[in-house]
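Contents: one structure, followed by commentary.
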Amino acid sequence: MNWPSTLPRFLWGAATSSHQIEGNTRNDWTRWEESGHVVNRERSGRSTNHFANPDADLVLFSQLGWNAYRFSIEWSRVEPAPGAFSTPAIKRYRNIVDTLRRLRIEPLITLHHFTLPQWFADLGGFFASDAERYFLDYVSYVLDHLGDAVKLWITINEPMVYTVMGYTEGSWPPGERNLAKGWHLTNRLIDLHQKTYQIVKQRFPDSLVGLSHHLSYFMPYSGFSLADRTMTSLIDRVFNWRFIDKVQNHQDFLGINYYTRQWISARRGLMPIMAKPGARVTQMGWEVFPEGLYHMLQHLKRYRKPILITENGIATDDDNDRQHYLIAHLEQIAKAQSEAIDIRGYFYWAALDNFEWAEGYRPRFGLIGVNYETLERNPRPSATVYREIIAMNQEQPENHPIIVP
Ligand code: IFM
């Protein structure tokens with residue numbers, strides 16, 4: 001596919017999701033938080049209060065040099081009750097899109113990023129008999145109001161993470177531990193992605209549609225153990241590749257979220273080990289392993305589609321670590337580009353500090369720090385480093401790998 005000339009030839013930006021920055025609404029996470037499932041019984045509450053005054057943040061994003069911004073629509077705001085759509089909510093999202101356009105920032109919209117309206121969760125979520133109709137009605141409503149102004153769409157964020165956390169590990173709503181149900185859900189999400197893809201493309205053929213897929217670089221805990229190696233390739237196949245293989249014909253680009261490598265030990269079963277003893281880890285307990293991104297990009301080459309890194313970032317209180325993380329991962333992207341891998345964008349996770357699901361507010365992922373008491377925003381030095389990298393790259397000739405200092 002030729003990259004459309006109406007889009008920046010490389011998208012530089014950052015990402016967020018509605019529930020994590022907007023302030024709470026009536027979704028399934030609200031109840032999950034109320035029933036004490038988040039660390040220290042934290043609740044997302046008003047979060048960064050972004051939805052009350054998005055423009056100030058968007059102007060800041062522009063000052064930081066981004067030409068793209070990824071965010072999600074909160075279904076529970078737009079459709080607070082079945083079939084009852086909220087005009088003020090969709091108008092607010094329209095304002096966000098229009099402001100981004102005025103600021104020359106390309107919007108990349110995610111339609112589903114982990115949360116469900118409470119009424120939909122009560123019907124059984126994606127297992128409800130009418131689930132598909134409800135979801136596609138919501139998508140159509142969003143397209144009616146935003147479709148003419150948005151060229152880039154993500155149907156579902158991290159379908160495999162959503163399945164594992166909610167249906168296998170059980171630490172996210174609905175808190176189930178049922179492998180068979182998880183498998184079933186994945187198949188439903190594959191189907192839903194394909195149908196959503198078709199609807200968006202029928203209505204707006206020039207738009208580009210994909211999904212954000214989480215990729216982890218899995219390695220056997222012991223390279224000598226046949227059991228560890230076998231388990232690793234099984235998990236790699238199911239978690240990393242099955243979903244995108246199945247939706248190959250329904251993606252205009254490959255959106256990938258990469259953070260870390262994980263170790264597989266057959267003795268531990270399906271649950272990966274996040275880091276070996278002694279490894280330096282982030283606030284999430286994740287190891288920093290930029291080379292894994294390069295390996296993933298090499299694998300993705302076979303799909304022959306443009307690639308967007310739709311998330312990559314670090315939770316840390318030490319901004320030096322964030323600067324190193326950013327540069328080290330951009331270097332891997334440049335290396336992949338120099339081998340003719342078609343990477344068209346990078347979205348740091350996250351634009352702002354935000355509510356990190358069951359981990360609450362302690363992890364600090366933002367390029368922009370947020371004081372949750374005063375709601376003050378403070379761009380970190382890493383945001384300046386990123387701005388300088390972006391500026392340096394604006395002057396590069398077409399098809400040149402990105403330059404990293
Ligand atoms: O915060 C999450 C995001 O919602 C999905 N991808 C991973 C991020 C960091 O855990």
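How much length is gained if the chain between GLN194 and GLN396 is pulled fully straight, taking 0.36 nm per residue apart and subtracting their Cα-Cα distance, in nm to one decimal?
Values: separation 202, 0.36 × 202 = 72.72 nm, distance 3.62 nm.
Fully extending the segment from GLN194 to GLN396 adds 69.1 nm.
When the Cα positions of GLY13, HIS112, LEU293 are compared along the charge dipole of the chain, LEU293 comes out farthest toward the positive end, with charges on each C-beta of Lys, Arg, Asp and Glu. 3J(HN,Hα) couplings calculated from phi for the stretch 215-227 with the Karplus curve 6.51 cos²θ - 1.76 cosθ + 1.60 (θ = phi - 60°) are, in sequence order, 10, 10, 8, 8, 10, x, 4, 10, x, 8, 8, 4, 4 Hz; Gly and Pro show x.
With both labels modelled 7 Å from their Cα along Cα-to-Cβ, the ALA328 to THR384 distance reads 2.3 nm. Taken about its Cα centre, the chain carries a charge dipole of about 660 debye when Lys and Arg each add +1 at the Cβ and Asp and Glu each add -1 at the Cβ.
Give me the extension gain from ARG133 to ARG9: residue separation times 0.36 nm, minus the current Cα-Cα distance, reported in nm with one decimal. Before the final figure, lay out each step's value.
On the way: separation 124, 0.36 × 124 = 44.64 nm, distance 3.59 nm.
Taking 0.36 nm per residue and subtracting the Cα distance, the gain is 41.1 nm.
Placing unit charges on each Cβ (+1 for Lys and Arg, -1 for Asp and Glu) gives the stretch 73-203 a dipole about its Cα centre, and among VAL139, PRO173, THR186 the Cα reaching farthest toward its positive end belongs to VAL139.
Using the C-alpha gyration tensor of the chain, what are the square roots of 5 times its eigenvalues, in whole angstrom, with the largest one first? Display every interim value, and only then the final one.
Working: eigenvalues 152, 142, 103 Å².
After diagonalising the Cα gyration tensor, the semi-axes are 28, 27, 23 Å.
Of the trypsin sites (Lys or Arg not before Pro) found in the stretch 133-211, those that fall in a DSSP loop while having at most 14 other beta-carbon atoms within 10 Å are ARG177.
Here the sum of -39500 (n - 2.57) over DSSP H runs of 4 or more residues, divided by the residues of the chain, equals -11000 deg cm²/dmol at 222 nm, to the nearest 500. For the stretch 116-231, the dipole from Cβ point charges (+1 on Lys and Arg, -1 on Asp and Glu) about the Cα centre works out to 260 debye, to the nearest 20. Of LYS195/LYS246; LYS201/LYS335; LYS181/LYS246; LYS151/LYS201; LYS201/LYS246; LYS301/LYS335, which sit over 22 Å apart, Cα to Cα? Long pairs (Cα-Cα over 22 Å): LYS201/LYS335.
Computing FRET efficiency as 1/(1 + (r/R0)^6) for GLU34 and MET1, where r is the C-beta to C-beta distance and R0 is 56 Å, gives about 0.80.
Comparing PRO290, PRO54, PRO88 in a Gaussian network model of the chain where C-alpha atoms under 10 Å apart are linked, the largest mean-square fluctuation is found at PRO88.
Here the spin labels are modelled as points 7 Å beyond Cα on the Cα-Cβ line, and at ALA56 and GLN248 they lie 4.9 nm apart. Where in the stretch 6-24 does the label zone of ASP148 land, with the point 7 angstrom along Cα→C-beta and an amide N cut-off under 16 Å? Output list for this probe position: empty. For the stretch 356-405, GluC sites (Glu not before Pro) are listed when DSSP marks them as loop and at most 10 other Cβ atoms sit within 10 Å of their Cβ; the list is GLU373, GLU376, GLU395, GLU398. Taking the centroid of alpha carbons for each part, the stretch 165-222 and the stretch 6-44 are 17 Å apart. Accessible surface ranking for HIS299, HIS50, HIS324, 1.4 angstrom probe, highest first: HIS324, HIS299, HIS50.
In this simple spin-label approximation, ALA279 and LYS201 carry label points 7 Å from Cα along the Cα→Cβ vector, and these lie 3.7 nm apart.
Given a Förster distance of 25 Å, report the FRET efficiency between ALA358 and ASN49 from their Cβ-Cβ distance, rounded to the nearest 0.05. The partial results should precede the final answer.
Details: r = 22 Å, r/R0 = 0.86.
Computed FRET efficiency for ALA358 and ASN49 comes out at 0.70.
Relative to the current alpha-carbon distance between TYR372 and LYS301, full extension at 0.36 nm per residue lengthens the span by 21.4 nm.
Write out the trypsin sites (Lys or Arg not before Pro) in the stretch 296-405 meeting two conditions: DSSP loop, and at most 15 other Cβ atoms within 10 Å of their Cβ. Write out the running numbers ahead of the final one.
Numbers: sites: LYS301, ARG302, ARG304, ARG322, LYS335, ARG344, ARG364, ARG377, ARG387; in loops: ARG304, ARG364.
Those that pass, being in a loop and sparsely packed, are ARG304.
Once backbone amide H atoms are built at 1.01 Å from N, LEU211 has THR155, GLY255 as its partners under 5 Å, excluding neighbours fewer than 5 places away on the same chain.
The values are calculated or read from the model by the stated rules, or taken from the named source; none is laboratory data. From a predicted model like this one, the values you see are computed outputs, not experimental measurements. So basically every Cβ, Gly included, is an ideal-geometry build from the backbone, and we count neighbours across all protein chains shown. For accessibility, only protein heavy atoms count, side chains too; no ligands or nucleic acids. Shrake-Rupley method; radii C 1.70, N 1.55, O 1.52, S 1.80 Å.
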